[in-house]
Structure formats: structure tokens, C-alpha cells
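Take a look at the structure set out below.
The values are calculated or read from the model by the stated rules, or taken from the named source; none is laboratory data. Just so we're clear, the structure is a prediction, and the values are computed from it rather than from any experiment. Backbone-built Cβ (ideal geometry, glycine too); neighbour counts: all protein chains shown. Please note that ligands, DNA and RNA were not included when accessible areas were found on the heavy atoms of the full protein model with its side chains. Shrake-Rupley method; radii C 1.70, N 1.55, O 1.52, S 1.80 Å.
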Amino acid sequence: MENALVERLHNKPGKSYLVLDGGMGTSLGLMGLNEFDAWSAPRRLDEPNIRSKVKKVHMDFLESRVDIITTNTYDSQFEAIAGEQTFKKSQWVFDNIDLANEAIDAYLSKLPSNCKSIRPLLAMSVGSFATVITGRAETANREQNSDTDCRRREGYGFDASEIRSYFAARLSNDILRYAGNSNVSVLAIETVGDLLEVQVICGVLQSKAELLNKARLSTWVTLTCPTEKYVDTGASISSCIEELAKCSQVTALGINCTEPHLITPIILSIKEVLKLCCAEDKLIVVYPNSGEIYLSRALKEGETDHWKMQSMYKDWNFLDASKEWIDNGANIIGGCCRITADNIAELARFSKMSSKSTNDPFHVELVAKSALASWTSLQLSIQHGFVEGDAAGKLSQLTDDLKIICMQNTDHLEIEDLLESSAYHDFNFIDEDGSFKDLAKAIVTCLAELKHGKVSEVVSKHFPSAAEALKMSIKSEHEEEEIENDTAMSDMICGASIREGSTLEDITIKDEKLRPKLRNDPVIDEDGFELVQSRRRR
């Protein structure tokens, strides 16, 4: 069977891992939804406020440059409908699949044509059986009333037939066919905390093997673990992994909604079990939460939030932790509760930067900053208020994007696309004289010459207007120069030195054609997004 996860992983340059999205519920909460509204959102897409916010969360993760997004079907709560209204239950799933595809299409429509060939993968989320146990939270790092907790109870205190009915409804033939016909590549069965549940899942998947193959659907199953040795109800992680290793329908397995400090030792345990089971071809997926404790009980006096920070995670950094998981063998990395689009964006940028490249990362960063500092139209647009919103943030993002492209050894055409699109869409001007084309060629030439020449001389040659402010250097075998005034360099590049109250008339422009020009009213698509009108090849 064609496997989208394996194929995408093999085709991705550089380090072999894919970036997954983060917490949907957390993101909806940041947009102002209360906990009930956030968790009931999957079945309330007919409400415009709910629908627009779910789509916005998808868009935020897509704009973070993820490889995979998940549908908001984790907590679909079929049991909320009495009787046998199967169609209505399935329709909730269909609607959320459609909305995720709608977000992907809207995201791709905003990209330059050369970036549209790779469509982000879509995973259909299926939550654990624990989501329907009244009064209980399924995440392993929780604090709740002892009378509703099911730790150390096989099957959460339920029998296999009840668990089987739960998954049979969520993996019905109608749902699987619809998913396969709607760009879904992966079934993501998440936050599983019990060995009996794992066994039931494997049985259901095996019974659906023919249909899953026809629908070209891969599956991953992820566990939630309170310790590095046990899943939530007390069975060993190893015993769960053994079951998953034997299941031919499971492409990837791993951990989600688990404290971050447990991830590395669990990855190592998973690898050991897969080796013993001769199943090392299975991928490892990890998307932990932030390590905060979820208070699955009534709040006590003085408590204002259901999430409680643990002191050990106050200085925790998602990207640094992700690098460790990558080094230890994780193939797919994302986030669960309390992991936001900003966290995922950092990981995605690192993923792009770690692509194989013959360019020195220091050289690339230096050239990117120097080139943008010397782009007169860009600097004038920033200095004189043509940019809407956070100019420094947009410039920092453009610098990162330019670094990523340069690390991938692309030609000047892709750099041209980035510069032209950013000028119009982010910096509110049209570079009518085409200086972005000359700048792109200068960047490529500069990087090539840096492999044979002295850094300061080569950069100064191609970007003389930035050279004095960028008193920079590189340490190498052949030369060692001091880096001077690095703070001033960063300030200038990131827009911190913009002069307040200045106007274009205050500056003598050598070439009048470089004067930034406000764009006309933007063209808006049916989803409310601006369309970038490129005047170049598309």
C-alpha cells in the first residue's frame, strides 16, 4: 500500500522528520472560547463564530509551515446523540474534514506557484475511549478526584466490547471512505492509555484492513504516559508497543499529551521494542503537552485556571526539547495541550534550516541580513510607515524565510518570488523597477563567492550600503576577525532603528523609481484572505 507518511518523510530534504501541528483546544482558548465551547467545537461548525475560529487555528498552524495538520475530530462525542442517528454522527466528522481541507486550500492559494506542489498532509484525529468517561480527563498528567480516576484499572473499568463499539463508530466504513476521498492520509488515534484499548484498536484496524488499503489511509497510535515505563492505567509501555508492532495497519506509533521530560526515555524504550519485534520500519511520532498539570476537578480557593505550571517547566523550551527527540529517533514531532502555533513555527523553521546544504549557516545569516538591510525600497517602506502591523516582526520572518531558501541551495528565481511576494503582501509596496531581481542574483552570487573569498570583503562588495553598519566577521581556519557592534547590526536589520516622525521627503532618493508606492485596494478571495497579485511568472 502506498504510504503517504513514509513517502513524505523520504522526500523531505535534510534531517528525516515531519512537523505536526499543536493543540487545537489551547489555540481556541487563546481566541477567547471557554473550555466548553472549545471542546464542543467539532459538532458546532454550523455556528459562524465557532467555524471561523477553528479554521483560523488550522490556518495559523499551516502558516507555521507544518507538514501535517489534524482535523478537529478528537472529541466528536457521538454519544451526545441518542439513538441510531448514524448519519448525523458521521456528518460531524465529514464537516471537520471539509473545513481542514478548506483551510489548506486557502493557505496554498496565498503561496507563490512554485511552493504549491506539496500539499500538507491531513490526519483525521480519533480520541481515546477515555474521552467519554464522565468526570475524567484522559491526559496522563492530571489531578482529579480519586472517585472518578481509572488508573490501575484495565480497560478503564470497561470491557472490550464497550471499547470496540466506541472505535467501530469512529472508524465506520462511511467515515473511512469519506476520509479516503477527501485528502485524508492518516488516522491519528490519540491519547491511548490502556493495553486492552490498544488490543481493541489493533483488532478494529485489522478488520478494516481491506478498506484502509483501498482508501490509502495510514494509521498512527499514540499513548499517554504518567511515567517513562507505564501507560495511564498501569500496563507497561513495552507491552503496548509490542501489540502495535505486530499490527500491519499501524505505520507509526509513539506518545502524545505526556510530560516532555518523559519523551526521550520513552523513545529509547520504543526503539528497543521495535528492534526486538523486527518492526524498525515503523515511524515514531511524539507530540507532548507543555508539562503543566491539568486540574480535572473543581478549582479550589485561589486557583483561577485548570492548568497549573510545574516549577521544572518554567524555563522549558519546546524547540530545544524537540532537537533532543529528533537526535534520539523521533520521525514526526508536534505538540498537544498548551503547545501553540508559535512553538510549532520555531520547530518548522529549524526543520527547514537543517536541510542539507553546502552553505555555512553563519554565511547565510550574514548575507540574508546584509541583503535586506541594503534593499532601499524595503527599508524606506519600514522607516516611513508603509507597513501595517509589526514591521520588525515581519522583517524578522522575511529574514528567516530567506535564510531557509538560501540553505536549500535554490536558484535566484525562488528568492525573487519570496522578495516580490513579501514586498507586496507584508511590506505594502510594489518594487516597480525590479530591484528584487538584482538583489536575488546578488545573494546567490555572494554565497557562491564566500566559499572562496574573505567574508567581510565579499559581503561589502555585494552589499556596500550595509557593510559599515554590519561590522561582522567569521572565524575560520584562514581568518579570524572580531565581531563589532553586533547589537547595532541586529537593531538595524530588525527595524529597531526606525526614526519616528520621518517622511519620504526627509530623504534624498538616488533613483526616484525606488520610492515606495502604496498598493491599490487588495483583492479579497471568498474566504476573506488577500490575494497576492504577482506581476511576474506564476
(message) Which three extents, in angstrom, do the Cα atoms of region 220-355 have along their principal axes, listed largest first?
(response) 52, 40, 23
(message) Set the bar at 20 Å for Cα to Cα. Now go through Lys369/Lys394; Lys208/Lys229; Lys369/Lys461 and name every pair that lies beyond it.
(response) Lys208/Lys229
(message) What number comes out for accessible area per residue over region 142-258 if the probe is 1.4 Å? Units Å², please.
(response) 37
(request) Determine, for each peptide in 285-291, 315-321, 226-232, the mean count of other beta carbons within 10 angstrom over its residues, then list the peptides with the highest first. (result) 285-291, 226-232, 315-321
(request) Would you mind checking which residues have amide H under 5 Å from Gly334's amide H? H placed 1.01 Å from N; only 5 or more apart, or other chain. (result) Leu20, Val286, Tyr287
(request) Using the Karplus curve 6.51 cos²θ - 1.76 cosθ + 1.60 with θ = phi - 60°, work out ³J(HN,Hα) for each residue of region 218-227 in order, rounded to whole Hz, and write x for Gly and Pro. (result) 8, 9, 10, 10, 10, 9, 10, 9, x, 9
